[in-house]
Every structure is written in C-alpha cells, then in structure tokens.
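Let me begin by presenting the structure, written as structure tokens, before commenting on it.
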C-alpha cells in the first residue's frame, strides 16, 4: 500500500478533470429499468480478478435490475487509467484505491461513506480504519483491505541468544538485538530498512511508538520532540551494530528475504509475509508479537485501501449501496481478505479471521493503529523526503536530518 505516495498527486490532477466536466458524466446511466455501475479495482495478485468475476456474477443473480461492469488494473497502471477516465468524463461509479480515493472528496466529487452503504454495514467497519482517511472530518472512503505492522521474530535465534520473550519496549528491543547480533555468523539482531522502498514506514513505526504524529491542523509536523526521540533511538541501534549494515541503502523486500533465510532476529512486517515464509522456508521457526514502543504502550502503523463512490449527478446511490453491502457480507468479505492475505477491516470479518492464529496479533492491534496523513497533499513530498533522507541518520545528526525533511514538507504544504 505504499502506492499512496504516487496516488495523492495523481488524484489532485485527475480531480480537476471531473470537476470541470460538471454533471454530464457521459456514463451509461440507467436503461430499460436497469442501473449500470462501472467498478474499477486494482489487482493484488492472481486471485483478485477471479474473485471479482465470481462476486459480480453472484450479485447479478440476486439483483437483476443492476448491471455491474468490472475493470481490473495493475497498481502500476490504475492511476493513469483513472486519470484518463476522469479527464474524459468517464469516472467509474465505484473505485477501489488507496487514500487517493477518498482524497477526491476535496473536489466535492464523492458520496459520503454513510451514503453508499447501509447503517449496519458502516457500523460493522472498524472505526480506526474509517477515520484513517477523513477529509475535513468527514468519511468518504470505506476500507476494503486493511493491515497493521507487527514484529516477526526468529524463535531459534531467540533461544540461541538467551532471549526469553519478544521485546515490548525499545530498551528490550535493543537488548534482544544485541544478544542476537552477538551470535555472529552473519546474523543481525534487527532488520531496519531505511532505503527508498519504504523508509517512511519504518520511521513511522518508531515515531508513532513514541507518541508522535506527522500532521497537526493540516500541516506536516516532522521535526518534533517525539520524532527526534524515535530517530535518536534508531540511530543508536545502528551505531551499536545491531542492525544489518547500511540501513539507508536497504529496502524492505530483500531484507524480508534475509529474515526468511534465518539471518535476522526481528523485523517489522505485514500479514502476507506469513505466506512468503510458508512458501520459501517452511522450516523457519518464527512467531509474531506487537511492535515494540518507547514504553510498551500499544501502537502500530496501519494501512488500508478504500472503496469510494463517485457522485456524477446520476441516480445510482441506491445501486452502489446494494453492491457494497453485498461485498461486505461476512462470507464475501472474508473470502476477499483470505485471497489477498490481509486482515478484515470489519468487526464481523475480524471475528471470522480470529480463528487463524497467525492473524491474532494483527487483529488485536487494529484499534491502536495510526495511519499516514495520506490525504494531505504535502504527504507525497514528505514521504519522498523520508525515503531519500532518513537513512542519513547513520552518518548525520538527527536534528539535521529532521530539519531537512521538515523543509521538504513545508515547501509543498
């Protein structure tokens, strides 16, 4: 879900196209008593398109007066496709996207979330995920896939190093990482990816764990006491040699492979990693624990994608709500998340998923999840600054690095 960085900028440009088009959407509308809906969704994996094809077919059997036309696009292509559709006055009726989807509400292009699902469905969705993409305090996006970060750890390395329990605090994290690193043989205590792939995620985990946030009153707040405390601790881990070499040049994906190979004691990760471990190294002895924080209080980084409904001046609100209510029915929704290896954002879905022990920690952390301020137009530049600059804490003072990132954020804020 790191695509949100690119997507916010795309949303701002594309929204101008639809806003300029007024209510003449050029869509298919209703013909012969049948309401036609265009559904545009991203492809997560091999099971995405078959799932939606089956769901649309099942929906049609129960709702013969509504015709849903499905379009799937890769994450690399969906932003461009969406922009072109909007500029040509052909916005989809229902869109699944990251936080760039709800961002269209800033241009008054969307239905409110409460207008496109039933009250019962809305009440079933975990509030923290709905609130993660508010626009001026109003919800327009309905979470589809959700996730939090958690600490994956190697049980064998813990045993060899004499670490008896997963760390809950930063001090415990550092102590455990020291003991594991002391094993030698190319083993590193903690995997800290601060390269260009997802440095903003790793930094956010620690900053949120210190009680920090990246936004206040619509402004980016990067150079804060909480952020300084977080980066200072991260730098301490690097300086004491308990991470892999050169964190600033290390991306998360290849580093996860090193963990799966059994050479890293601890690393932050998402639920899909479970499947990767089972595929690549099923003999690995691993477990999951909550992300350690400064004082052990619960906090984690949350991410989500969303459904939004475009209000094109046509009478489609009821049809959109029928389809989305159908999608959020427990069996339909749980199957979707099982396919994509994420955790459900609904309470009923979480209850169904609770039978899976590998999801327990992720599910329990949902209410404490904090999110990127991804609907803020300045976040794209800010996130890019994290990716290019935060890895420099290895060789530069924390104050200098934070000041540089704040300057980048201010330049676009």
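The values are calculated or read from the model by the stated rules, or taken from the named source; none is laboratory data. Computed from a predicted structure; not experimentally measured. Glycine gets a Cβ as well: all are built from the backbone with ideal geometry, and neighbour counts include every protein chain shown.
Condition first: in a helix (DSSP H, G or I) and buried (at least 18 other Cβ atoms within 10 Å of the Cβ). Can you find one or more residues in the range 60-74 that meet it? Explain how you work it out, then say what you get.
In the first step, residues of the range 60-74 are kept if they are in a helix (DSSP H, G or I); the result is 60-62.
Okay, now just the ones that are also buried (at least 18 other Cβ atoms within 10 Å of the Cβ), so none.
The answer is no, given that none of the residues of the range 60-74 is in a helix (DSSP H, G or I) and buried (at least 18 other Cβ atoms within 10 Å of the Cβ).
Is there a residue being loosely packed, with under 15 Cβ neighbours inside 10 Å and outside any loop (DSSP other than H, G, I, E, B) anywhere in the range 202-220? Break it down into steps so the answer makes sense when it comes.
Going through the range 202-220, the residues loosely packed, with under 15 Cβ neighbours inside 10 Å turn out to be 216-219.
Checking the rest, the ones that are also outside any loop (DSSP other than H, G, I, E, B) come to 216, 219.
Yes, the conditions are met somewhere in the range 202-220.
Might you check whether a residue that is assigned to a helix (DSSP H, G or I) and within 17 Å of the chain's Cα centre (by Cα) occurs anywhere in the range 352-361?
Restricting attention to the range 352-361, the residues satisfying the condition of being assigned to a helix (DSSP H, G or I) are 352-353, 357-361.
Next, from what is left, pick out any that are within 17 Å of the chain's Cα centre (by Cα): 359, 361.
Yes, the conditions are met somewhere in the range 352-361.
Is there a residue being touching a residue at least 60 places away in the same chain (Cβ under 8 Å) and more than 17 Å from residue 401 (Cα to Cα) anywhere in the range 220-230?
no
Which condition does residue 145 not pass, out of (1) surrounded by fewer than 21 Cβ atoms within 10 Å (Cβ to Cβ); (2) in a strand (DSSP E or B), if it passes all the others?
(1)
Of the conditions (1) at pLDDT 90 or above; (2) surrounded by 21 or more Cβ atoms within 10 Å (Cβ to Cβ); (3) over 25 Å from residue 206 (Cα atoms); (4) touching a helix residue (DSSP H, G or I) at 6+ places or on another chain (Cβ under 8 Å), residue 353 fails just one. Which one is it?
Condition (1) is where residue 353 drops out.
Only one residue in 271, 225, 254 is more than 26 Å from residue 211 (Cα to Cα) and either assigned by TED's automatic domain parsing to the domain that holds residue 390 or touching a strand residue (DSSP E or B) at 6+ places or on another chain (Cβ under 6 Å) (or both), so which one is that? If you could, list the steps in order and put the result at the bottom.
Numbers: 271 fails: more than 26 Å from residue 211 (Cα to Cα); 225 fails: more than 26 Å from residue 211 (Cα to Cα).
Going through 271, 225, 254 in turn, just one is more than 26 Å from residue 211 (Cα to Cα) and either assigned by TED's automatic domain parsing to the domain that holds residue 390 or touching a strand residue (DSSP E or B) at 6+ places or on another chain (Cβ under 6 Å) (or both): 254.
With the structure loaded, tell me whether residue 79 is within 23 Å of the chain's Cα centre (by Cα) and either closer than 18 Å to residue 314 by Cβ or in a loop (DSSP other than H, G, I, E, B) (or both) or whether it fails that test. Talk me through it step by step, then tell me what you get.
On the way: within 23 Å of the chain's Cα centre (by Cα): yes; either closer than 18 Å to residue 314 by Cβ or in a loop (DSSP other than H, G, I, E, B) (or both): no.
For residue 79, the condition - within 23 Å of the chain's Cα centre (by Cα) and either closer than 18 Å to residue 314 by Cβ or in a loop (DSSP other than H, G, I, E, B) (or both) - is not met.
Could you tell me how many of the residues in the range 82-128 are surrounded by 18 or more Cβ atoms within 10 Å (Cβ to Cβ), in contact with a strand residue (DSSP E or B) (Cβ under 6 Å, 6 or more places away or on another chain) and assigned to a helix (DSSP H, G or I)?
7
Which one of 174, 151, 157, 194 is modelled with pLDDT of 95 or more, closer than 24 Å to residue 372 by Cβ and not in a loop (DSSP other than H, G, I, E, B)?
Working: 174 fails: closer than 24 Å to residue 372 by Cβ; 157 fails: closer than 24 Å to residue 372 by Cβ; 194 fails: not in a loop (DSSP other than H, G, I, E, B).
Unique residue meeting the criteria: 151.
Give all pairs with beta carbons closer than 6 Å in which a residue from the range 298-320 that is closer than 18 Å to residue 344 by Cβ meets a residue that is modelled with pLDDT under 90 and part of a loop (DSSP other than H, G, I, E, B); count only pairs at least 6 apart in sequence or on separate chains.
Pairs that qualify, where the first residue is closer than 18 Å to residue 344 by Cβ and the partner is modelled with pLDDT under 90 and part of a loop (DSSP other than H, G, I, E, B), are 303/1; 305/98.
Looking at the range 26-55, which of the residues that are closer than 16 Å to residue 93 by Cα and surrounded by fewer than 20 Cβ atoms within 10 Å (Cβ to Cβ) is modelled with the lowest pLDDT? Full working, then the answer.
We begin by selecting, within the range 26-55, every residue closer than 16 Å to residue 93 by Cα; these are 26-31, 34-42, 52.
Now narrow it down to the ones that are surrounded by fewer than 20 Cβ atoms within 10 Å (Cβ to Cβ): 26-31, 34, 36.
On the way: 26: 39, 27: 42, 28: 45, 29: 56, 30: 54, 31: 56, 34: 93, 36: 97.
Within the range 26-55, the match that is modelled with the lowest pLDDT is 26.
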